[in-house]
Every structure is written in structure tokens, then in C-alpha cells.
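Here the structure comes first, spelled out in C-alpha cells, and everything after it is commentary.
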Amino acid sequence: MPDMTTFFQTPGVGGVIAATVITSIIITYGLMLRWVLRGYEDNKDNQ
Amino acid sequence: MANKTGSHVLVDRDHLMKPITQTSGGYFLLVFLLFLGVAWGAFAWIWQLSNGMQVTGLNNTVAWGVYITNFVFFIGISHAGTLISAILRVSGAEWRRPITRAAEAITVFALVLGGSQVLFDIGRPDRAMNVFLYGPLQSPLLWDLICISVYLLSSLFYLLLPLIPDMAIMRDHHAVTGWRKELYRILAFNWDHNPEQKRRLEKAIAILAVAIIPIAISVHTVVSWIFGMTIRPMWHSTILGPYFVVGAIFSGIAAIIIAMAILRKVYGFEDYLKPLHFDYLGLLLLTMTALWFYFTLAEYITTGYGGLLEELEVFESKMTGAYAEMFWAMVIFMIIAFFILSFARSKWPVGATVSASVFIVIGMWIERYTIVVPTLNVLEGRGYHPAIYWPSWVEIGITFGSFCGFALLYVLFAKLFPIISIWEVEEAEEALEERLEHMKTYLPTGTTATAER
Amino acid sequence: MDEGRRSALKKICFTAAGVAGGIPLLGTVRAASRTIAAQHAAAPQTKQLAMVVDMANMTDEIAHACIEICHREHNVPKSDDIEREIKWVWQEEFDRAFPDQFHGQMAEAYEGMPVLLMCNHCDSPACVKVCPTAATWKRKSDGLVMMDMHRCIGCRYCVVACPYGTRSFNWKDAEQSVETTYPARSRGVVEKCNFCAERLRVGEIPLCVTVSQGTLTFGDLSDPDSEVSELLRAKHTITRKNALGTGPNVYYIVEDKLRERPRHGE
């Protein structure tokens, strides 16, 4: 098992994780919004 | 949108849009006064930036004071939106409909103001990016950064999603012209009220409502862990996480009640924000008051009874020492709120819940203060007896400016966006029919149940 | 059906994201696992610099000399405001420096007896754990708790987390002293005793030790033959707030001040 203590103490790890989480949340919500708004067109395609 | 016009729930769209379409002189005066408050806070901050932290009342013993108190307080207030929108939505409480928008807006603005407090507090705001560049995951501040960003983004999205159909209504309204029409057109994202869009919207909102509950809990838990993870007396306590969450929801409900009362009076929304809403929210508030007393008792009786040397110093400074006035003021405020909610709520739902809420909001600010400051103030070992911390005019100015800024953002939001969700209120009747159908599936209808037996 | 499963999955994902904030906890659990057995272990495995303060022989004159030279050479600004004064090393009364190791029945000499205090360069430093920029860190090569004043954002989390009050914030700009080349600090950052890391680098001992007339002993704890190790074996020593588990590396010899004792090294 890698030394988790070192991982949690490494400078920058927290920042990278924070940035990743923030970015992925923005992307998720962006995709969600797109899915909602394209409801009409997607529905047409299915028919 | 089957019953846009044939609804029995009478929604006067023009009335709901009145705050947006008409502006009174009083409104300008209010905005002007709030702006003055913000300007005063901005001046105080500039003063602090140019003269350094020496203009605060802080020192090396009490290195955190009013800013951190405000931070915790505002983050707490932000839980208003979560509770009203998410919990009530998930539990299917129909009466939530006219309240959701007002509550969600509180969440977003309280988070913005809460986050700003950290910038006011740090000595080198110009280096704030270092947290991203060098932050180790070990620091509770990183947990806060992550959780609060997620919460802010989620509550912004949670505010935006149910706003889309209303934006389309506004876009198509005859009274709306000019740049505002353009704004609504952009924010409506080509919404055309078609059923599939709406079905997906409802679904997305439902998912988000579920997701935002653990996010909100995580936020106030890690805020408490800023203190709880240290080894300072009465900060280092396992109860702090749940205690902060309870306090957050508690002050959040109180804040939304006050906001609702103001909106109701100022914009004449008596038909939408009815005494029943205040009564129900007051009941929730009463429950939270009882819960708050329980947590407070659990925390203080354990500390006082155990009587560890350092903890007892803090404990006594709150019970009988330098912070006793504040501590007991908080307790008395909560007792008053409890009695108002218990005995006056059903008779005067609006007046009673609003006055109780004022006591609770002030009491909760004091609670945050008496958690942050006394622990620091008892530290000895620096070669002198620490004096009692008192904020300077700069700290008071920035605090005042922050509260004005919060109100100003809210007032401007209500000017641009319908503060009562138009489509959600209109949709209530449809939902009612669905609910009736649903009820038939679990209530005796005199056919299948008896036949099978 | 597929739709339903997808939304359920999404719900799980969002919930997971929400509680993800709790995961870093795992890291600190291990970082903080200082058991009593660990504290009883004879010597650290890696180099750990430590200081032994001989309170029995420390006089006010010696203490003042230590403080004077440290603050002068490290460009620590003078201040009239005791609550905002920057301190690397300072004096405090015994009963207030060691509140958990004092009782009213102690010899009178202990009450109010000045003790020389400084950063403890702990084994498990509370300040290092909480720093959001790693501007303060535990140096692996010699166990010093270091401070990067160019990275510090001045959040003062370390100031409030340290249970010893060893950290000072720069409430205002300091001026460059002409007596030293040690750079003045800009306002808004935190600083503290660094065991004279800048002198250790060129093979010299901390300044306070040089003027302590033998009352301060400095050395490596992991070396059983070092002066500090020998002294700690020979004398009864205490550390500040030992029960907190931070593992301070500044040790104090407590012997009855009223009794005549041969000075260490004589």
C-alpha cells in the first residue's frame, strides 16, 4: 500500500483535487442542462 | 403545459412580475441605502488592505474573530435553500412551491458572502491562489474549498434549473422589453414549454434535490472540522459536525422566514406567502430549536462535568467569565424564540414566526462567535494575560457591509427574476391530481384489498 | 428502465461527490497515530533536532541575552503592543507555561518562575497539519518545522491551531534592520522560531545556544551519543502539554531551583 500520509501531505495534491472536482462538477451540470434542453429534439429523433 | 389558462389555482402572473415590471421610489431608496452600506464595508476593506491587519482588533492570541464568525454564520444561513427546496421537494411537501425560489437565492448569496469573509480574513489575499498551487489535502481548509465550491456550483445550478421555464415566461411577456428581454432570452435557453423538456427538467431537479442534501451536510460538517480537527479546548469535539449542521439548518429556516415576510409586505404577496407557510415553517423551526437545545446541552454538560483543565477554562469563560453575557444572551434569545413558537405561532403565524426568527438569527450569530473566540482567548503561554478580544471599526464595517451586500444582492435578484416560481405554483394543481391518483394506490378503495383477503 | 437505472446511478454519483469531503480524514488519522507506545520509544529513527532547556540554571540575564540575539539577528521588529509582538523566543511563568504540570503545593520558587519558550518543533505538529498551502512543513532531513514566508497567505490557521502560542503574525510591515542581513518580512505572514535553520546550514549552532552559558543544549535525538540524548537520559525532563500528543522537541530540566546543583558541563 502506498504511503497515504505522504499523499495527503504533498503540496498541490489538494489543489489539483479541488480543481478536478470543480471542473467535473461544471461539466456534469453542463451536460445535464444540455440533456434537459434538448428534450424536444431527442424525442423527435426517437419517433 | 395543459392548463396554462384553465387553472383553478389562480396565479396572477402580472402580479408576480410586478416587482420586475414596476419600480417604486422606495425601491431606489432601499437600493441606495444598501449600496451605502456596501460602500462603507468596501471602504473598511480598502483601509484594511492598505494598512494591514493591524487595523483589526485581532492579535496573536485571538487570531480569528468576527470574519471567521461571519464565515460560519453565512455558510449556515446558506442551508435555507437546501432545506426548503431539497428536503421539502424530496418529501413531496406541496406547500413549498411559492417558497423555493426565495430560499435557493438565499443559499447562493449567503455562500458568496460567506466565502468572501475568508478573503477579508487572510493577511495576503493576493496570494490566495497558493491554496490551489500548493494546497495539501491534509488541511481542513482544502476540504472546505472543495465542499463549498461543489455546494456553490450545485446551488447555482439548482437555482438556475427551475428558473428556465420562468425565464421563458418572462421572455414572452409583453411588458418586458429592452436589455431585460435579451437577458431572459439568453437564460431561457430556447425553452419552448414542450412536455419532454419539462419531464426532463423535473427529473433533473429531482436528482439535484437528492444530491444537494449530502453536499449541504458535508459543507457544514467540514466547516465545523476547521475547528474540530485542531486540539484546542472546546473546538476539538466530536459533536461539532452535527452541531454545526443543526445550527445551519436552524438559522437557515429563520433567515428564509424573515426574507419571506419582507417580500410579502413589500411586494404584496399575501396571496402567495400565506400564514400557513409561516405556520409550517414555524413548526419546523420549533423542532430545530428543540434539537439545538439538545445539542447545546449535550456539548456543555459533557465538557463541564468532565472538567478537563483547558476545556474548563473555556467553559467557565462562557458560563461566568468574559463571554458570559454573550453566551447567556444567546441562550435567552433561543428560550424566547422557543416560547414564541410554542405558544404564539398558531394564533399569529406570521408575526410570531418572524419575531422568533429574528431572535434566532441574532442568537445563532452569537453562537458562532462564542464558539470561535473564547477558545482562543484562554490561551496562555505567550508571556502575558490575553485581553478580551473586541472587533475594531474596520471589522464591524466589513461585517455591516457584508450584511448589506447580502441584502443588496437579494433585492437586485428579486428585481430581475421572479422571486416566486411562477410555473411551479401554476403546476400545483396538476400535481394535486397526480397525488390523488397516487393516494388511491395505498388507501383502501374497497375492491382489491378485501377481495384478496 | 434504462433511464431509471441511469438516474439512480447519477444519484449515487452525486451522493458520493457530496461525502467525498470526508475522505481526507483517512490521511490525518494515520498522520496523527501517535500512541503512548510510540511516545515511549527510546529514540526517533530519523534525525530529529531537539533543545534541552536547563531551568535550574537559567537566569533572567541569560534568557534576555537569548531573546536579544535571536530577535536582533532574525530581524524581529520591536513592538510596544505585547499582544501583537512577534516572538521567536520569550519568557513565561512556569505555572502558565506548564499549566498541566503545576499544582499549588509546589515549591514557591516555581510559581512565577520564568521559563524560556520557543517553537517545540513537534513530532506531529498541529500547525503543519492544518496549513492550506504547505507554507509550514516538517523537514524530513532534520525534523525542523519550517516556515516559508513567501508562500504563506496569512490565514493564521497555524496560529490558532498551535496549542503553545509559538506563532506570530506580522500585523504590519517591518523595516529592515541595519544590524542584520536577515530579510524583513512583509506584513500579513506568520513566522516563528526556526532553530536557526540558516545557521545550521553552514554548520553552526542556534544563536540562543551560543549565549546560553550552557543552559541550552542542542542536538540530534536519533543519535544516542549526542549531548541532548545523554542529558535527557541523565535528568528528569518535561515537555509542554505532553498529553496533546504533538510530541514537542524542546525539553525542560525541572529540578528544584532552591537546591544547589552542579551546572551541566562543569
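For the reader, a short list of remarks on this structure follows.
- In order along the stretch B:170-183, phi translates into HN-Hα couplings of 5, 4, 8, 7, 5, 7, 9, 9, x, 5, 5, 4, 5, 4 Hz, rounded to whole numbers, per the Karplus curve 6.51 cos²θ - 1.76 cosθ + 1.60 with θ = phi - 60° and x for Gly and Pro.
- In this structure the stretch C:47-253 gives 38 Å² per residue of accessible area when probed at 1.4 Å with all protein chains present.
- As a length-normalised measure over Cα pairs under 8 Å and 6 or more apart, the relative contact order of chain B settles at 31 percent.
- Residue pairs, from the table B:Lys318/C:Lys241; C:Lys129/C:Lys235; C:Lys78/C:Lys172, whose Cα atoms sit over 20 Å apart: B:Lys318/C:Lys241; C:Lys129/C:Lys235
- In the stretch B:310-391, one over the average inverse separation of all distinct C-alpha pairs is 14.2 Å, which is the Kirkwood hydrodynamic radius.
- Per residue of the protein assembly as shown, the DSSP helices (runs of n ≥ 4 H) give a summed -39500 (n - 2.57) that works out to -18000 deg cm²/dmol at 222 nm.
- Percentage relative contact order, the stretch C:47-253, counting C-alpha pairs under 8 Å, at least six apart: 32 percent
- Spherically averaged projected area of the stretch B:17-427 from its Cα convex hull (nm²): 21.4 nm²
- For the stretch C:47-253, the share of DSSP beta bridges that are antiparallel, to the nearest 5, is 80%.
- Translational diffusion of the stretch C:47-253, µm² s⁻¹ [Kirkwood Rh, Cα pairs; Stokes-Einstein; 25 °C; 0.890 mPa s]: 140 µm²/s
- Mean projection area, nm², convex hull over Cα of the stretch B:187-231: 4.3 nm²
- Interface residues in the stretch B:132-166 - accessible area drops by 50 Å² or more relative to the isolated chain, probe 1.4 Å: B:Phe132, B:Tyr134, B:Pro136, B:Leu137, B:Gln138, B:Leu141, B:Trp143, B:Ile146, B:Val150, B:Leu153, B:Phe157
- Between the stretch B:67-119 and the stretch B:359-420, the Cα center-to-center distance that results, in Å: 17 Å
- Its residues counted as N, the stretch B:154-199 yields a C-alpha radius of gyration over 2.2 N^0.38 Å of 1.16.
- Of all DSSP beta bridges in the protein assembly as shown, antiparallel share, percent nearest 5: 80 percent
- Here the accessible area is traced with a 1.4 Å probe on the protein chains. For the protein assembly as shown, carbon and sulfur cover 63 percent of it.
- Compactness index (Cα Rg / 2.2 N^0.38 Å), the protein assembly as shown: 1.10
- Point-charge dipole on Cβ atoms (K/R +1, D/E -1) for the stretch B:358-453, about Cα centre, debye to 20: 620 debye
- Aspartates and glutamates with Cα under 12 Å of C:Lys47, excluding same-chain neighbours fewer than 8 positions away: C:Asp123, C:Asp142, C:Asp220, C:Asp223
- Across the options B:Met167, B:Pro386, B:Pro242, the greatest Cα extent toward the positive end of the charge dipole of chain B (unit charges at beta carbon of Lys, Arg, Asp, Glu) belongs to B:Met167.
- Length added when fully stretched, B:Thr21-B:Asn190, from 0.36 nm per residue minus Cα-Cα: 58.6 nm
- Assigned charges on the beta-carbon of Lys, Arg, Asp, Glu; the protein assembly as shown dipole about Cα centre (debye): 1980 debye
- Between chain A and chain B, the total buried accessible area stands at approximately 2400 Å², from heavy atoms with a 1.4 Å probe.
- Eligible aspartates and glutamates near B:Lys415 by straight Cα distance, threshold 17 Å, same-chain separation 8 or greater: B:Asp14, B:Glu104, B:Asp166, B:Glu182
- Backbone amide hydrogens, once placed in the peptide plane, bring C:Val115 within less than 5 Å of C:Glu92, C:Glu93, C:Phe94, excluding anything fewer than 5 places away on its chain.
The values are calculated or read from the model by the stated rules, or taken from the named source; none is laboratory data. Note that the structure is a prediction, hence the values are computed from the model and not measured. Cβ sites come from the backbone with ideal geometry, for glycine too, and all protein chains shown count toward neighbours. Heads up: the accessible areas ignore ligands, DNA and RNA and are worked out on the full protein's heavy atoms, side chains in. Shrake-Rupley method; radii C 1.70, N 1.55, O 1.52, S 1.80 Å.
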